[in-house]
Amino acid sequence: MRNRVLGILAGLFFFGAGGAVAQVVWDSPLLVPPRVSGGVGIFLIDPAGGDLGVMGTWRSGNLGLRVGLAEDVRDDLSIFGGVDFTGLITRASNDFPLDVAWVAGAGIGIGDDALLSFPLGISLGRGFDADGARFTPYATPRVVLDAFFGDDSDLDLDLAVDLGLDIAFQPGWMIRFGATIGDRDALAIGVVF
C-alpha cells in the first residue's frame with residue numbers, strides 16, 4: 001500500500017502542468033484533509049485568480065459543497081462554487097504514519113468569463129492531540145483540468161498543492177487554514193462548526 005501511495009504522489013508531481021487563467025477558481029485552497037469532518041464552514045479567502053472574498057462550505061460524509069464571492073483580477077465581482085468527493089485509501093498505522101484519501105471534484109468560477117475546473121489528487125495528514133486541542137496538518141497535491149471560456153477559450157492542466165492545518169478545540173468546531181502553492185496561489189482561514 002505504501003508503494004502505491006508513493007507512486008501516486010510521484011505521478012502527481014511529475015505530471016505536466018499548464019498556466020493559470022485570469023478567473024477566480026473554486027478549488028484553491030481545496031481545504032480537504034484526509035479525515036474530513038462534516039459541518040458548515042465560513043471562510044475569508046484570497047482565491048487563485050482573484051482577490052479578497054468570502055466562501056461558505058458544507059460537508060456531510062464524503063461529499064463537500066462550496067460557494068463564494070470574490071473580486072477577480074479585473075476588480076469585478078465573481079461567483080464560484082463546486083462539489084468535491086473524498087474516499088479513504090488508508091489510515092495511519094505502524095507501517096505507514098499518515099492518513100491518505102483520494103479527492104476529486106468539479107466546479108466553476110464565473111465573472112466576465114467562465115472557468116470550469118476538475119481537480120484530482122490525494123490528501124495526506126495526521127491528527128495530534130495536545131493541551132485540549134487536536135492539530136491536523138495535511139497536504140493535498142493534485143492535478144487540475146481547467147476549461148476556460150471567454151475571449152480566448154483554452155484548456156490547461158495545472159499542478160497545485162494545498163498545505164493545511166485544522167485546529168479543533170471541541171468536537172463541535174474548529175479553525176481551518178489552507179494555502180495553495182504551485183500553479184495556483186491562494187489562502188483561506190475560517191471556522192467550521
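For a protection proxy built on the mean count of beta-carbon atoms within 10 angstrom, sort 167-174, 51-58, 109-116, 140-147 highest first, please.
140-147, 109-116, 51-58, 167-174
Under the rule of -39500 (n - 2.57) per DSSP H run of 4 or more residues, summed and divided by the residues of the chain, what mean residue ellipticity at 222 nm is obtained, to the nearest 500 deg cm²/dmol?
About -2000 deg cm²/dmol.
By DSSP, what percent of the beta bridges with both residues in the stretch 70-175 are antiparallel, rounded to the nearest 5?
So the antiparallel bridges amount to about 100 percent of the total.
Please report the projected area of the stretch 61-157's Cα convex hull averaged over all directions, in nm².
Values: hull surface 33.7 nm².
Result: 8.4 nm².
Relative contact order, percent, of the chain when contacts are C-alpha pairs under 8 Å separated by at least 6 residues?
23
Tell me, how many Å apart are the Cα centres for the stretch 102-172 and for the stretch 177-192?
Taking the Cα centre of each part, the stretch 102-172 and the stretch 177-192 sit 8 Å apart.
Work out the FRET efficiency for L63 and L120 from their Cβ-Cβ distance, taking R0 = 25 Å, and round it to the nearest 0.05.
The calculated FRET efficiency here is 0.95.
What angle, in degrees between 0 and 90 and rounded to the nearest 10, separates the Cα long axis of helix 2-14 from the longest principal axis of the Cα atoms of the chain?
Around 20 degrees separate the two axes.
Using a 1.4 Å probe on the protein chains only, how many percent of the accessible area of the chain belongs to carbon and sulfur?
About 64 percent, which is the carbon plus sulfur part of the accessible surface.
Compare the peptides 76-82, 128-134, 156-162 by average per-residue count of other Cβ atoms within 10 angstrom and give them in order, highest first.
By packing density, highest mean first, the sequence is 156-162, 76-82, 128-134.
Add +1 for every Lys or Arg and -1 for every Asp or Glu among the other residues with Cβ under 13 Å from the Cβ of V191, and state the total.
Residues near V191 contribute 0 overall.
If you take the beta carbon distance between D129 and A106 as r and set R0 to 35 Å, what does 1/(1 + (r/R0)^6) give as a FRET efficiency, to the nearest 0.05? All intermediate terms of the calculation are to be shown ahead of the outcome.
On the way: r = 35 Å, r/R0 = 1.00.
According to the calculation, E is roughly 0.50.
The values are calculated or read from the model by the stated rules, or taken from the named source; none is laboratory data. Keep in mind the model is a prediction, meaning the values are calculated, not measured. Counting neighbours? That spans all protein chains shown, and the Cβs are built from the backbone with ideal geometry, glycine included. What goes into the accessible areas is simple: the full protein's heavy atoms, side chains included, and nothing from ligands, DNA or RNA. Shrake-Rupley method; radii C 1.70, N 1.55, O 1.52, S 1.80 Å.
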